[in-house]
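A short write-up of the structure that comes next.
Quick note: the coordinates plus some simple rules give every number you see, no bench work behind them. What you see is a predicted model, and the numbers here were worked out from it, not measured in a lab. Here Cβ is always computed from backbone atoms with ideal geometry, including for glycine, and neighbour counts include all displayed protein chains.
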Amino acid sequence: MTPRESLPLALDEARSGAARVALGARAVLLNGFARERSPGLIAAIDAIAAISPFRHMVTPGGWEMSAALTNCGQFGWVTDRSGYRYDPIDPATSRPWPAIPKAFADLAVEAADAAGFDGFRPDACLVNRYAPGARLSLHQDRNERDFDQPIVSVSLGLSAIFLWGGKKRTDMVRRVPVAHGDVVVWGGPDRLTFHGVHPLAKGEHPLTGAYRFKNPL
């Protein structure tokens, strides 16, 4: 990668049983926050995909994204040759996206509250499906209408390395291990932090098989 990457976050720091790992002034990793309710969350993803199937979208530059995605909620994030945007209609089905399942909405509210963001109510949820080798380049989430609202990102399935950078793409990048059931929440002064996902390593998870799901709300 172009930016310099820091040494990996010590595993004993992220997995020692501590409930949270601070990533910034208003950014936190909540270890295992969603683990107990993960079977219901994965069932909800299956229900979403039955209505709006996963697909590999194409960026404005013509590159096919390595992670497959779908959406739920009032709006869905899409990309094509015309640009990045939120759209109330799924371009693959010409129908509205399925509603956010209650399991995800409740989790997002509780995780945001645990991270110090009271009153959060998600209206959109992007569901990314990573197979081994899939990655997400460093980026900022800039397509949302309200930057005052936090991002709540749920990890399910295979473990991965979450890349946490700075306000510029060239800032030092912290490599943060995330496991099944972990939730990362960021907002406020950290809302436009560059972040991404390192290429996913091969593996097998009892609930998701060879996949990892990342669900930012």
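Observations on the model:
- Screening the range 105-217 for strands (runs of 3 or more DSSP E) wholly inside it with 3 or more residues that are aliphatic (A, V, I, L, M) returns the ranges 124-130, 151-157, 160-164, 183-186.
- Taking the criterion of being touching a residue at least 24 places away in the same chain (Cβ under 8 Å) and in contact with a strand residue (DSSP E or B) (Cβ under 6 Å, 6 or more places away or on another chain), the residues of the range 60-73 that qualify are P60, A67, A68, L69, T70, N71, C72, G73.
- G157 vs. criteria within 25 Å of T59 (Cα to Cα) and of a type outside the set (S, T, Y): no
- Residues in the range 96-153 that are surrounded by 17 or more Cβ atoms within 10 Å (Cβ to Cβ), of a type in the set (D, E) and over 12 Å from the mean Cα position of the chain (by Cα): E110 alone.
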